[in-house]
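Participant: Pasting a structure below so you can have a look.
The values are calculated or read from the model by the stated rules, or taken from the named source; none is laboratory data. Keep in mind that what you see is a predicted model, and the values were worked out from it rather than measured. Cβ sites come from the backbone with ideal geometry, for glycine too, and all protein chains shown count toward neighbours.
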């Protein structure tokens, strides 16, 4: 998709869909944090994937049928979906123990990690300014964690583990984009997550009340709808246009965390978040500039 051929309306449409997706993801995370007081992480992860899968079967099953499972690279789909399941368990676990704004900030550490993994796994080349931005992103993580000050909760490392897993997840996703239908990828995500959590959730099960069943269903609907809107946003505008708006959840969860749980990020967390977001937005701007400048464009990667 050439940015020069996009109309302003198309770009704004993509940005709007992206922002709506981030609102849904933030609402899902806030709901999960509230529910962790009464239910286990595996049970909540099960609800997130089960109702996501049911949503797709009900609305897309009659039209797509077995086409939902048709993939040219099923093993890579399973790897990607398994990584997302790990991501969900780690992030939901972090929400149980640390403020949601801190967990979300640490999750954004995946951005500089993706840049490093792109060099190592996809053999991409990045210039010195990229490396400076990557280093700044990691410094932002250290500012949030404040190692050596004796105040880091171990739950923060669950969020950091989620960021590492998410970086690998993004690399695998890039490997799939050239051959796989986005809806099929989304269904593999839901199906693998449902099967995986169904194996472990019974050991941590607490019978939900009728109201909590509805809340759990809402978690899955918000997650599934959010991912669908993200796909549609990428159809309207390229990632280089909408990716800076991917940091919007930090705004929503900071407001929601303060209103619902009385949590507000301390100065260190806000400073670290500013550094991480600045690093990520610089990387996005550099990538966008290189893609639009033929003389600086890197050779196409056969995996993309």
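Participant: Being under 18 Å from residue 228 (Cβ atoms) and either assigned to a helix (DSSP H, G or I) or in contact (Cβ under 8 Å) with a residue 24 or more places away in the chain (or both) is the requirement here; does residue 133 meet it?
Facilitator: no
Participant: If residue 38 satisfies all but one of (1) outside any helix (DSSP H, G or I); (2) farther than 25 Å from residue 203 by Cα, what's the number of the condition it fails?
Facilitator: Status for residue 38: all satisfied but (2).
Conditions (1) closer than 19 Å to residue 260 by Cβ; (2) within 15 Å of the chain's Cα centre (by Cα); (3) modelled with pLDDT under 95, marked per residue:
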{"position": "77", "(1), (2), (3)": "no, no, yes"}
{"position": "81", "(1), (2), (3)": "no, yes, yes"}
{"position": "84", "(1), (2), (3)": "no, yes, yes"}
{"position": "89", "(1), (2), (3)": "no, yes, no"}
{"position": "95", "(1), (2), (3)": "yes, yes, yes"}
{"position": "114", "(1), (2), (3)": "no, yes, yes"}
{"position": "118", "(1), (2), (3)": "no, no, yes"}
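Participant: Only one of 106, 95 is without any contact (Cβ under 8 Å) to a residue 60 or more places away in the chain, in contact with a helix residue (DSSP H, G or I) (Cβ under 8 Å, 6 or more places away or on another chain), surrounded by 22 or more Cβ atoms within 10 Å (Cβ to Cβ) and outside any loop (DSSP other than H, G, I, E, B); which?
Facilitator: Step by step, each of 106, 95 is checked, and only 106 is without any contact (Cβ under 8 Å) to a residue 60 or more places away in the chain, in contact with a helix residue (DSSP H, G or I) (Cβ under 8 Å, 6 or more places away or on another chain), surrounded by 22 or more Cβ atoms within 10 Å (Cβ to Cβ) and outside any loop (DSSP other than H, G, I, E, B).
Participant: Check whether at least one residue in the stretch 150-164 is under 30 Å from residue 71 (Cβ atoms) and crowded, with 21+ Cβ neighbours inside 10 Å, and report yes or no. Reasoning before the result, please.
Facilitator: Taking the stretch 150-164 as the starting set, the residues that turn out to be under 30 Å from residue 71 (Cβ atoms) are 161-164.
Applying the additional criterion that residues be crowded, with 21+ Cβ neighbours inside 10 Å yields 162-163.
Looking for residues that are under 30 Å from residue 71 (Cβ atoms) and crowded, with 21+ Cβ neighbours inside 10 Å, one finds at least one in the stretch 150-164, hence yes.
Participant: Another question, if that's okay. Among the residues of the stretch 173-204, what is the count of those that are surrounded by fewer than 13 Cβ atoms within 10 Å (Cβ to Cβ) and modelled with pLDDT of 90 or more?
Facilitator: Matching residues across the stretch 173-204 total 3.
Each row is one residue, and each column tells you yes or no for (1) over 21 Å from the mean Cα position of the chain (by Cα); (2) under 18 Å from residue 89 (Cβ atoms); (3) modelled with pLDDT under 85.
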position	(1), (2), (3)
3	yes, no, yes
7	yes, no, yes
13	no, no, no
16	no, no, no
20	no, no, no
26	no, no, no
32	no, yes, no
37	yes, yes, no
41	no, yes, no
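Participant: Sort out which residues of the stretch 54-70 are farther than 18 Å from residue 180 by Cβ and surrounded by 13 or more Cβ atoms within 10 Å (Cβ to Cβ), and write them in order of number.
Facilitator: 54, 55, 57, 61
Participant: Quickly run through the stretch 177-235 and pick out the residues that are outside any helix (DSSP H, G or I) and closer than 24 Å to residue 82 by Cβ.
Facilitator: 177, 178, 179, 180, 181, 205, listed by residue number.
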